[in-house]
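Have a look at the structure below before the remarks.
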Amino acid sequence: MTARQPPRITSRKHPQQARSTELVAAILQAAIQVLAKEGATRFTTARVAEKAGVSVGSVYQYFPNKAAILFRLQSDEWQQTTQMLCAILERTDSAPLDRLRTLVQAFIQSECEEAQMRGALNDAAPLYRDAPQAQEVRATGQQAFEVFMLELLPDVLPDARALACDLILGTLSSAGKDFSSSPRTPAEIVAYANGMADMFHAYVNALNG
């Protein structure tokens, strides 16, 4: 029996002209709106085309199926978050502990702002987590944080530093996801982010002796 092939998730072609770029942007914006309203299980190419005010054929010029649209939304979200965090980590004019606090605040804020779309995309995320593009984004973020950890814990042994890296990233990711699963006020977001940053600061100071 022939194994079922996973859906193609890469775009058919990349826009070369301004008009094509605008069309793809309109399709993706429509996709975000449909996803927010319908969720991933009822997300269809036809609904996206209707929302964007274009034909289904126009959508298919760039995206072979709904999986490709969802993957583009997911990969864009991953890339934007990773670029934001890397930019914070690379601000060498700021002390490492200050950068860590800024990173925590920005990440928690981002998780809460994008919670609705991220929740819908999570239904489809298993299709994408092992894709080369997803692995590349994760590797970029991991590498940037490992470099940052050398600044944060310069005199700590490599194994202990690697453990600290895993603990901070793991806690940030899982706690941020859990916290953002419910609507939060700006004051709650600030309080939670500062509390987490304080916890990380204490841990880092203890490791640095």
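Observations, loosely collected:
- Computed in the context of the full set of protein chains, the accessible area of region 74-208 at 1.4 Å probe radius has 55% of its extent on carbon or sulfur.
- Peptides 43-54, 178-189, 89-100 ranked from most to least packed give 43-54, 89-100, 178-189, packing being the mean of other C-beta atoms within 10 angstrom over each peptide's residues.
- In this label model, residue 20 and residue 205 are separated by 5.6 nm, measuring between points 7 Å along each Cα→Cβ vector.
- Working from label points 7 Å from Cα in the Cα-to-Cβ sense, the residue 151 to residue 198 distance is 2.5 nm.
- About the Cα centre, charge dipole magnitude for region 74-208 (Lys/Arg +1, Asp/Glu -1 at Cβ), debye: 140
- Per residue, in Å², the accessible surface of region 74-208 once ligands and nucleic acids are set aside, probe 1.4 Å: 54
- Theoretical FRET efficiency, 1/(1+(r/R0)^6), r = Cβ-Cβ of residue 87 and residue 178, R0 30 Å, to 0.05: 0.75
- Shape category assigned to region 74-208 from the gyration tensor of Cα positions, a/c cut at 1.5: oblate
The values are calculated or read from the model by the stated rules, or taken from the named source; none is laboratory data. A quick note: this is a predicted structure, and the numbers were derived from the prediction, not measured. So basically every Cβ, Gly included, is an ideal-geometry build from the backbone, and we count neighbours across all protein chains shown. Side chains are part of the model used for accessible areas, which takes the heavy atoms of the whole protein and leaves out ligands, DNA and RNA. Shrake-Rupley method; radii C 1.70, N 1.55, O 1.52, S 1.80 Å.
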